[in-house]
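Here the structure is laid out as structure tokens; the discussion comes afterwards.
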Amino acid sequence: MKKFTYLFLLLHSICCFSQKTANLCGEYKYAVPDNMPLNEAKKIATERARLDAIAKEFGTSISQTNLSSTHTKDGETQSDFLSMGGTEVNGTWLGDKNSPEIYIDYEQDMLVVHAKVCGTAREITRAQTDLTTKILCNEVESERFNNNNRIALQFRSPIDGYLAIFLRNDYTDIVSCLLPYETENGKARSINRNKTHHLLSTKDPLYPYREETILVTDRDIEFNTIIFVFSEKEFTMPNTENGEYLPELSVEAFTKWLRRNRIKDEHMQVIEKNIEIRK
């Protein structure tokens, strides 16, 4: 049985042909709501600082986002659907140049997280590839888990390509590779167009374990991030200087690896999703 400890958060999928890249900086002050974990507030402030930098450089456009979640209440499965209008930035963040600067303060009796970032971004000049990602809790699509719930992932693309999936643990600063599996020789998974790929599941012919993957935590509530990396081109997974595959690495090392790949490969798309696990 394979066990992981994690959680995830936000969908961010981008693909572009633009040759225009820029070095830029942004900042954001985030008033922390009551009962929100400080680590979560830091992540939100940092992400919005990146969006602020991109918006100032490349502008924004009107968008509509549909969100859905499924949860269980009183023994019954319920689904919620929300459609929101808003704006999207016309660029994608390729990576930080240095670690984000985070400041914690109180303003008008509110806890405020102030994030400053500098990095590289690329302008978006064409529609993104319509990738489909799903997180399943006990075979039901959901971003909310209880301890020992089963997790599986689904991925679908209208084009052929290559896929890797990572788990970023925000409590340990470690990034672990979920796909390819440890039996796949450290190569990104080949993806066939218009096929639903079942991953982290015994439905996957390449899944090397007899039992399904489960989520476990020793915290009351835990938040981590699942990162899907997809490209039309085959890409090299994280390696040591000697060329040995690294199934686990620090957040800093992973960020540098991802940034190098995204700068070289304009077709590379990254989707981040968060979930929560409750003890």
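Summing Lys, Arg as +1 and Asp, Glu as -1, what charge do residues with Cβ under 10 Å from the Cβ of ASN23 carry, ASN23 excluded?
Values: positive: LYS97; negative: GLU57.
Local net charge: 0.
Full extension of the chain between TYR103 and TYR209 gives 33.8 nm of extra length, using 0.36 nm per residue less the Cα-Cα distance.
Only alpha carbons enter this Debye calculation for the stretch 215-279, each as an equal point scatterer, and the log10 of I(q)/I(0) it gives at q = 0.21 Å⁻¹ is -0.96. The simple spin-label model puts a point 7 Å past each Cα toward its Cβ; for ASP173 and ALA22 those points are separated by 3.1 nm.
Highest average first, the peptides 270-279, 240-249 ordered by how many other beta carbon atoms sit within 10 Å of their residues are 270-279, 240-249. Scaling against 2.2 N^0.38 Å puts the C-alpha radius of gyration of the stretch 167-279 at 1.13.
Highest mean first, the peptides 134-144, 186-196, 104-114 sorted by other C-beta atoms within 10 Å per residue fall in the order 134-144, 186-196, 104-114.
Residue-wise HN-Hα couplings along the stretch 94-105, as the Karplus relation 6.51 cos²θ - 1.76 cosθ + 1.60 with θ = phi - 60° gives them from phi, are 8, x, 7, 7, 9, 4, x, 8, 10, 10, 10, 8 Hz; Gly and Pro carry x. In sequence order, the stretch 131-138 has phi-based couplings of 8, 10, 10, 9, 10, 10, 10, 6 Hz under the Karplus curve 6.51 cos²θ - 1.76 cosθ + 1.60, θ = phi - 60°, and Gly or Pro positions carry x.
Pairs over the 22 Å Cα-Cα cut-off, from the set LYS187/LYS264; LYS29/LYS256; LYS42/LYS256; LYS203/LYS264: LYS29/LYS256; LYS203/LYS264.
None of the figures in this text is laboratory data; all of them are computed from the coordinates on show. Given the structure is predicted, the values throughout are model-derived calculations rather than measurements. In this analysis, Cβ positions are derived from the backbone assuming ideal geometry, glycine residues included, and neighbour counts consider all displayed protein chains.
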